[in-house]
Amino acid sequence: MNAPSGQRRPAGIAQVNQLYGFDDIIDTRSPAEFALDHVPGAINCPALDNEQRAEIGTLYKQVSPFVARRRGAALVAINIGRHLLERFQDKGADWRPLIYCWRGGKRSGAFVTIFRQVGWDAHQLDGGYKAYRREVLARLAATPAAFDFRVVSGPTGSAKSRVLERLAARGEQVLDLEALAAHKGSVLGRQPGVDQPPQKLFESRLLHALSALDPARPVFAEAESRRIGLVTVPDALIERLRAAPCIRIEVPASARTEFLLRDYDYMTQDPEALIERLERLIELRGRETVAAWSALARTGQWAELVAGLLEQHYDPLYRRSQSNNFSRHTDAPTVTAERLDDAGIDRLSGQIAAASAQFSTGSTSERTAQMR
């Protein structure tokens, strides 16, 4: 029941399991804290910006807690007023926001108090971000066991990410770890103009993606290393993937070369940046081999460079890693295509969906029991 207009509402407290029962989720921490991690879908309305938060911390340590609180209260009041004017003037009387800060304390409490005086049914997240983070870690340790994964494997350049996209378009369930990590999963996998999320934010996005999946249906994922660029796949998930049934893509090396020239075309725009990344392979492949690759890059011999990288680096790495890490890779059914154009990728996705049907899914109750 709504409080009468103009009357203050009693305090509203919400638990982590109620996160998505609200119209909006508001993170009142500083932009720097928000950038490291936040509840997916949350909007950042800082009670104190980065500089103000540092200022208040300095006052607290070097002057006194009282002076810090006095100054902080004034800044928080100003910032809340600005957010009210700039971001929430279109909200009606029935708006229900959830508000959190670091521990569910002063910053989110100030927002909730004022919003409730306005007449909104604002709630404060009990325990704040710290409680949310504990829940993320606990669920990432348990949730992967609920799913029946299908691992799509194949050497570099097999268009695995594009196949996953096509499977999703066909209505299949897909967990695209490289999309979540904003990285293509190799030494050359960093995408131009795209920063990888910090580890905690990657984990938040991963749990959010897992939470949207139906445990009663198979989930397709790519055969990944434990690390994707700078982020690490949680242990429970990587172990579940490595024990899952595999479906192996086999296409000619020439088709993979053509695909990579299209998929990584941005690398040809800056040969020196590419060479800098290639030099990270000196310890693994030797200075002479990397120098030869670098010469191909400088002279624009892109097809020769890609073919050399596949033959001398990526394919040997693939054979070793898949056999060692994925227990069901050796006996995996194979799907094939002669080219990796749109028609070829469609063909592969159709074959993979059909091949998946041969695997026993097990009962949902059995997988649920594994989570406990």
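The table that follows gives values for the structure above.
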{"quantity": "Modelled FRET efficiency - R0 35 Å, GLU86 with ALA169, Cβ distances, 0.05 increments", "calculated": "0.35"}
{"quantity": "Segment ALA243-LEU137, extension gain: residue separation times 0.36 nm, minus the distance between their alpha carbons", "calculated": "36.0 nm"}
{"quantity": "Calculated volume of the Cα convex hull per residue in Å³ (choose from (1) 186; (2) 225; (3) 155), label", "calculated": "(1)"}
{"quantity": "Pair SER64, ARG277: separation of 7 Å Cα→Cβ label points (nm)", "calculated": "5.7"}
{"quantity": "Reference-scaled alpha-carbon Rg (2.2 N^0.38 Å with N residues) for region 266-345", "calculated": "1.35"}
{"quantity": "Listed residues ARG139, ARG287, ARG205, most fluctuating in the chain (Gaussian network, C-alpha, under 10 Å)", "calculated": "ARG287"}
{"quantity": "Antiparallel bridge percentage (DSSP; both residues within the chain; nearest 5)", "calculated": "10"}
{"quantity": "Radius 9 Å from Cβ of VAL152, net charge of other residues (Lys, Arg +1; Asp, Glu -1)", "calculated": "+2"}
{"quantity": "The chain: most fluctuating residue of VAL174, VAL151, VAL194 per GNM, C-alpha cutoff 10 Å", "calculated": "VAL194"}
{"quantity": "Residue-count net charge about SER323 - beta-carbon cut-off 12 Å; Lys, Arg +1, Asp, Glu -1", "calculated": "+4"}
{"quantity": "Added length on full extension, which subtracts the Cα-Cα distance from 0.36 nm per residue, ALA253 to ALA291", "calculated": "11.4 nm"}
{"quantity": "Principal-axis tilt of helix 315-325 within the chain, Cα atoms, nearest 10 degrees", "calculated": "60"}
{"quantity": "Pairwise label distance in nanometres, GLU311 with ASP270, each label 7 Å out on the Cα-Cβ vector", "calculated": "3.0"}
{"quantity": "GNM flexibility winner over the chain from GLY286, GLY105, GLY229 (Cα, springs under 10 Å)", "calculated": "GLY286"}
{"quantity": "Order of ASP214, ASP126 - criterion: other Cβ atoms within 10 Å of each residue's Cβ, fewest first", "calculated": "ASP214, ASP126"}
{"quantity": "VAL187 paired with ARG96, simple spin-label distance in nm, labels 7 Å along Cα-to-beta-carbon", "calculated": "5.4"}
{"quantity": "ARG339/GLN18 FRET efficiency (R0 41 Å; Cβ-Cβ; nearest 0.05)", "calculated": "0.25"}
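A short reminder: the numbers here are calculations on the coordinates, not readings from a lab. Everything numeric in this text was worked out from a predicted model, so none of it was measured. With ideal geometry, Cβ positions are generated from the backbone for all residues, glycine too; neighbour counts draw on all protein chains shown.
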